[in-house]
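Input: a single structure, listed below in structure tokens.
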Amino acid sequence: MKKPLRDYPLKWKDKHNIYSNDIEGEIWLTFENLSGVKYLESIIKKRVNSKYFKHLTNSVISNINDAKGAQQIQVLKDEDVSGIIDEAQNIILQAKDIYFAARSLPLLSKPILLFYCFEKLAELLYFMSYKKTKYRHGLEYDKQTHVITICKNGLFANLHNSQSTDPFYQNEPKIKLEDIIMCGPINQLELDTQAYYEFTHQVKTVNNDNTEMISLTELDREFIFLYGLSILARYNVKDWSRILSGIDNPLSNNIKVINHLRTYLRTVGLLYPNLILSEIYLMKLSIYFPMKLMSTEFEDYDDKVL
């Protein structure tokens with residue numbers, strides 16, 4: 001049985017609705033607006049000086065910097081912000097270009113390009129949280145077993161540290177791609193509703209020596225999911241084609257998993273950028289088309305908040 005949403009603690013106290021008949025376009029327009037130099041600098045400074053951010057980074061650093069083999073990190077401060085603006089601005093514009101280039105691709109190729117966009121947005125959130133360090137993407141995919149290893153260092157760890165205090169990746173857990181798909185909702189409406197709350201997905205690891213349950217945020221889940229698909233599409237294109245056609249299903253004994261995969265991929269294409277924006281602004285940005293008959297909703301609507 002699902003836990004009632006009212007039982008989830010709110011992640012942020014603030015929420016802002018954006019009314020639009022083009023959700024996808026509005027998300028990327030918000031990113032483009034964010035790329036303005038002075039505005040971007042003000043948003044980053046507002047983020048790093050917030051109580052939420054200070055609590056987050058203090059907890060992360062205390063958990064990580066004493067851990068054996070962990071990548072040492074330093075929190076971003078006001079005086080560091082001006083030095084990252086150009087790179088952050090370029091990342092935003094690149095992510096938008098890559099996203100729309102991937103938009104029209106068939107599913108056979110789409111995960112490759114779309115994951116590049118996800119990597120860019122993960123970098124963006126990380127740059128707005130900690131001082132830049134060298135890193136790889138921080139995940140490994142076993143093409144025979146379809147198991148993903150989460151490394152203790154790398155871009156995934158950086159993304160996770162920018163929005164969660166749970167250092168579960170320090171044990172380098174291994175997770176089946178199927179379990180990433182099946183551990184939570186796959187439709188956009190339900191996930192978008194839950195994303196305003198501080199909730200996680202419970203996933204069972206398949207480590208030989210230490211099987212346990214770990215908790216993934218929805219951002220974690222979507223990044224890992226698309227990474228797995230991108231590896232399949234890039235390095236196992238024949239197998240990936242057979243999976244999509246239904247000839248083979250090495251991911252699962254459940255024949256519906258491929259259907260769920262398609263649905264979830266469609267969902268993450270919109271939800272992941274939206275979640276990154278919400279993390280940047282530290283408020284739930286709900287972008288949707290209101291019913292035209294809901295005239296009272298427009299009485300208090302302010303379209304110039306951001």
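Restricting the stretch 191-210 to residues that are under 15 Å from residue 180 (Cβ atoms) and touching a strand residue (DSSP E or B) at 6+ places or on another chain (Cβ under 9 Å), which is surrounded by the fewest Cβ atoms within 10 Å (Cβ to Cβ)? Break it down stepwise before answering.
In the first step, residues of the stretch 191-210 are kept if they are under 15 Å from residue 180 (Cβ atoms); the result is 191, 200-206.
Filter once more, keeping what is touching a strand residue (DSSP E or B) at 6+ places or on another chain (Cβ under 9 Å): 200-206.
Numbers: 200: 18, 201: 18, 202: 11, 203: 23, 204: 14, 205: 20, 206: 15.
Per the criteria, the residue is 202.
Within the stretch 105-120, identify whether any single residue is exposed (fewer than 13 other Cβ atoms within 10 Å of the Cβ) and among the charged types (D, E, K, R), and answer yes or no.
The first filter runs over the stretch 105-120 and keeps only residues exposed (fewer than 13 other Cβ atoms within 10 Å of the Cβ), leaving 106.
Retained after the next criterion (residues that are among the charged types (D, E, K, R)): none.
Checked against the condition, which is being exposed (fewer than 13 other Cβ atoms within 10 Å of the Cβ) and among the charged types (D, E, K, R), the stretch 105-120 yields no hits at all.
Only one of (1) outside any helix (DSSP H, G or I); (2) of a type in the set (A, V, I, L, M); (3) under 22 Å from residue 281 (Cβ atoms) is not met by residue 148, so which one is it?
The one condition residue 148 does not meet is (3).
Looking only at the stretch 43-62, how many residues end up being among the hydrophobic types (A, V, I, L, M, F, W, C), more than 15 Å from residue 80 (Cβ to Cβ) and touching a Leu at 6+ places or on another chain (Cβ under 6 Å)?
Residues flagged as among the hydrophobic types (A, V, I, L, M, F, W, C), more than 15 Å from residue 80 (Cβ to Cβ) and touching a Leu at 6+ places or on another chain (Cβ under 6 Å) within the stretch 43-62 amount to 0.
From the set of residues in the stretch 126-155 that are surrounded by 20 or more Cβ atoms within 10 Å (Cβ to Cβ) and among the small types (Gly, Ala, Ser), which is nearest to residue 74 (Cα to Cα)?
If we take residues in the stretch 126-155 being surrounded by 20 or more Cβ atoms within 10 Å (Cβ to Cβ) and among the small types (Gly, Ala, Ser), then 129 is nearest to residue 74 (Cα to Cα).
Filter the stretch 134-144 down to residues that are in a loop (DSSP other than H, G, I, E, B) and in contact (Cβ under 8 Å) with a residue 40 or more places away in the chain, then give me how many there are. Full working, then the answer.
Initially, the stretch 134-144 is screened for residues in a loop (DSSP other than H, G, I, E, B), giving 134-138, 143-144.
Right, trim to in contact (Cβ under 8 Å) with a residue 40 or more places away in the chain and you get 135, 137, 143.
So the answer is 3.
Which condition breaks for residue 199 when tested against (1) at pLDDT 90 or above; (2) not in a helix (DSSP H, G or I)?
The one condition residue 199 does not meet is (1).
Regarding residue 181, is this residue surrounded by 17 or more Cβ atoms within 10 Å (Cβ to Cβ), β-branched (Val, Ile, Thr), under 18 Å from residue 227 (Cα atoms) and in contact with a helix residue (DSSP H, G or I) (Cβ under 7 Å, 6 or more places away or on another chain)? If you could, list the steps in order and put the result at the bottom.
Numbers: surrounded by 17 or more Cβ atoms within 10 Å (Cβ to Cβ): yes; β-branched (Val, Ile, Thr): yes; under 18 Å from residue 227 (Cα atoms): yes; in contact with a helix residue (DSSP H, G or I) (Cβ under 7 Å, 6 or more places away or on another chain): yes.
Considered against the rule, which asks whether it is surrounded by 17 or more Cβ atoms within 10 Å (Cβ to Cβ), β-branched (Val, Ile, Thr), under 18 Å from residue 227 (Cα atoms) and in contact with a helix residue (DSSP H, G or I) (Cβ under 7 Å, 6 or more places away or on another chain), residue 181 comes out as yes.
Of the residues that make up the stretch 109-120, is at least one closer than 23 Å to residue 175 by Cα, among the charged types (D, E, K, R) and more than 19 Å from the chain's Cα centre (by Cα)?
No, every residue in the stretch 109-120 fails to be closer than 23 Å to residue 175 by Cα, among the charged types (D, E, K, R) and more than 19 Å from the chain's Cα centre (by Cα).
Would you call residue 88 part of a helix (DSSP H, G or I), under 19 Å from residue 224 (Cβ atoms) and in contact (Cβ under 8 Å) with a residue 12 or more places away in the chain? If you could, list the steps in order and put the result at the bottom.
Values: part of a helix (DSSP H, G or I): yes; under 19 Å from residue 224 (Cβ atoms): no; in contact (Cβ under 8 Å) with a residue 12 or more places away in the chain: yes.
No: the conditions fail for residue 88.
Please go through the stretch 45-60 and pick out each residue that is out of contact with any strand residue (DSSP E or B) (no Cβ under 9 Å at 6 or more places or on another chain) and part of a helix (DSSP H, G or I). Before the answer, list the steps.
Taking the stretch 45-60 first, the residues out of contact with any strand residue (DSSP E or B) (no Cβ under 9 Å at 6 or more places or on another chain) are 45-47, 49-52, 55-56, 59.
Those that are out of contact with any strand residue (DSSP E or B) (no Cβ under 9 Å at 6 or more places or on another chain) and part of a helix (DSSP H, G or I): 45, 46, 47, 51, 52, 55, 56, 59.
Quick one: which helices (runs of 4 or more DSSP H) sit completely within the stretch 216-302 and have at least 2 residues that are in contact with a strand residue (DSSP E or B) (Cβ under 9 Å, 6 or more places away or on another chain) and at pLDDT 95 or above?
Working: elements: 218-235, 237-245, 257-281, 295-299.
Correct list: 218-235, 257-281.
Give the number of residues within the stretch 95-133 that are in contact (Cβ under 8 Å) with a residue 12 or more places away in the chain, of a type in the set (A, V, I, L, M) and not in a helix (DSSP H, G or I).
So the answer is 3.
Select, from 101, 88, 67, the only residue that is at pLDDT below 90, surrounded by 12 or more Cβ atoms within 10 Å (Cβ to Cβ) and not β-branched (Val, Ile, Thr). If you could, list the steps in order and put the result at the bottom.
Details: 101 fails: at pLDDT below 90; 88 fails: at pLDDT below 90.
After ruling out the rest, the residue left standing is 67.
The values are calculated or read from the model by the stated rules, or taken from the named source; none is laboratory data. Model, not experiment: these values are computed from the prediction. Backbone-built Cβ (ideal geometry, glycine too); neighbour counts: all protein chains shown.
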